[in-house]
1. How tilted is helix 56-71 with respect to the longest principal axis of the chain? Cα atoms for both, answer in degrees (0 to 90, nearest 10).
2. Among the GluC sites (Glu not before Pro) in segment 1-58, which ones are in a DSSP loop with at most 16 other Cβ atoms within 10 Å of the Cβ? Mind listing them?
3. Take the Cα atoms of the chain, build their convex hull, and give its volume per residue in Å³.
4. For the chain, what is the mean residue ellipticity at 222 nm derived from helices alone (per DSSP H run of n ≥ 4: -39500 (n - 2.57); sum divided by total residues; nearest 500 deg cm²/dmol)?
5. For the chain, take the longest principal axis of its alpha carbons; what is the angle in degrees between that and the long axis of helix 35-50, to the nearest 10 within 0 to 90?
6. Size of segment 29-71 along its principal axes in angstrom, Cα-based, largest extent first?
Amino acid sequence: MNVKVIKDKQVPTDLTGGEYATCNVTIYVNPKLPKRTQRLLVIHSVIENYCQEWNHNKIEELCEYIEDALDQI
């Protein structure tokens, strides 16, 4: 994980309490994999990075729900 702290007097204290954070995620995926597999891996990475406090089993469960829903389109 890369963490960078920037002191900025322009950060409003009334809206944010004096801080805010941005999340930058870089996902590397093997282009030789089938397109569907690539998409599912990307979905998994996004959820895993957004919901870092979740148990990995919950992430897998949500990915399966999303995969099932997309298959129904």
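Just so you know, all these numbers are worked out from the coordinates, no wet-lab data involved. The structure displayed is predicted, hence computed values, not measured ones. All Cβ positions, even for glycine, are placed from backbone atoms using ideal geometry, and neighbour counts span all protein chains on display.
1. 60 degrees
2. Glu19, Glu53
3. On the way: hull volume 11.1 nm³, N = 73.
Taking the convex hull of the Cα positions in the chain, it is 152 Å³ per residue.
4. Value at 222 nm, helices only, nearest 500: -15500 deg cm²/dmol.
5. 30 degrees
6. Cα spread of segment 29-71 along its principal axes, largest to smallest: 31, 21, 13 Å.
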